[in-house]
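Novice: Structure in structure tokens, see below.
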Amino acid sequence: MTIKLSTPELADRLAHLWQHSAVFHPWIRTTSLAWGTAFLVDAGARILMAYTLPVDTVPLLSVVLLIAALTIAQGSCLILGRRSGALKLLKPGASSAAPQAEGAC
């Protein structure tokens, strides 16, 4: 079963930005990389903690690690989105004519 989380208008807008925006497409790839890296580092740190720390301290540090990883990943995505202008393109009423990078088609 699939649940649609966005309106058809937003889905169309995202598809258009993905194919035609020199700002949006790289930002999505970068944010995907940031989230993937955050979860891989989180998994590696959890394995390291499980083998090296006392059993009683691992659950608490595991939660702290997760919160830190989520905060860093989300913060970096928002900062990059604001700097690149990609977040402005997602706002309702924003111009879908995204700025083109030099040399972009």
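Novice: Checking LEU60 against (1) within 21 Å of the chain's Cα centre (by Cα); (2) at pLDDT 90 or above: exactly one of these is not met. Which one?
Specialist: (1)
Novice: If only one of VAL41, VAL64, VAL58 is open to solvent by less than 40 Å² (accessible area, probe 1.4 Å), more than 23 Å from ALA15 (Cα to Cα) and not aromatic (Phe, Trp, Tyr), which one is it?
Specialist: Matching residue, one of VAL41, VAL64, VAL58: VAL58.
Novice: Considering only residues that are open to solvent by 50 Å² or more (accessible area, probe 1.4 Å) and touching a residue at least 40 places away in the same chain (Cβ under 8 Å), which ones fall in the range 15-25?
Specialist: The first filter runs over the range 15-25 and keeps only residues open to solvent by 50 Å² or more (accessible area, probe 1.4 Å), leaving 15-16, 18-20, 25.
Within the range 15-25, HIS16, HIS20 qualify.
Novice: Just the residues that are β-branched (Val, Ile, Thr) and farther than 28 Å from LEU87 by Cβ, please, taken from the range 10-63.
Specialist: Passing the criteria: ILE47, THR52, VAL55, THR57, VAL58, VAL63.
Novice: Can you name the number of the only condition in (1) in a helix (DSSP H, G or I); (2) exposed (fewer than 10 other Cβ atoms within 10 Å of the Cβ) that GLY93 fails?
Specialist: Exception for GLY93: condition (1).
Novice: Would the range 26-34 turn up any residue that is touching a Leu at 6+ places or on another chain (Cβ under 9 Å), of a type in the set (Lys, Arg) and either part of a helix (DSSP H, G or I) or over 30 Å from PRO92 (Cβ atoms) (or both)?
Specialist: No, the range 26-34 contains no residue that is touching a Leu at 6+ places or on another chain (Cβ under 9 Å), of a type in the set (Lys, Arg) and either part of a helix (DSSP H, G or I) or over 30 Å from PRO92 (Cβ atoms) (or both).
Novice: Within the range 17-57, track down each residue that is over 15 Å from the mean Cα position of the chain (by Cα), under 22 Å from THR71 (Cα atoms) and not β-branched (Val, Ile, Thr).
Specialist: The answer is ASP42, ALA43, GLY44, ALA45, ARG46, LEU48, MET49.
The values are calculated or read from the model by the stated rules, or taken from the named source; none is laboratory data. Values in this document were obtained by computation on a predicted structure and should not be read as measured data. Reconstructed Cβ throughout: ideal geometry from the backbone, glycine too, with neighbour counts over all protein chains shown. Note: accessible area is taken over every heavy atom of the protein model, side chains too, but ligands, DNA and RNA are not part of it. Shrake-Rupley method; radii C 1.70, N 1.55, O 1.52, S 1.80 Å.
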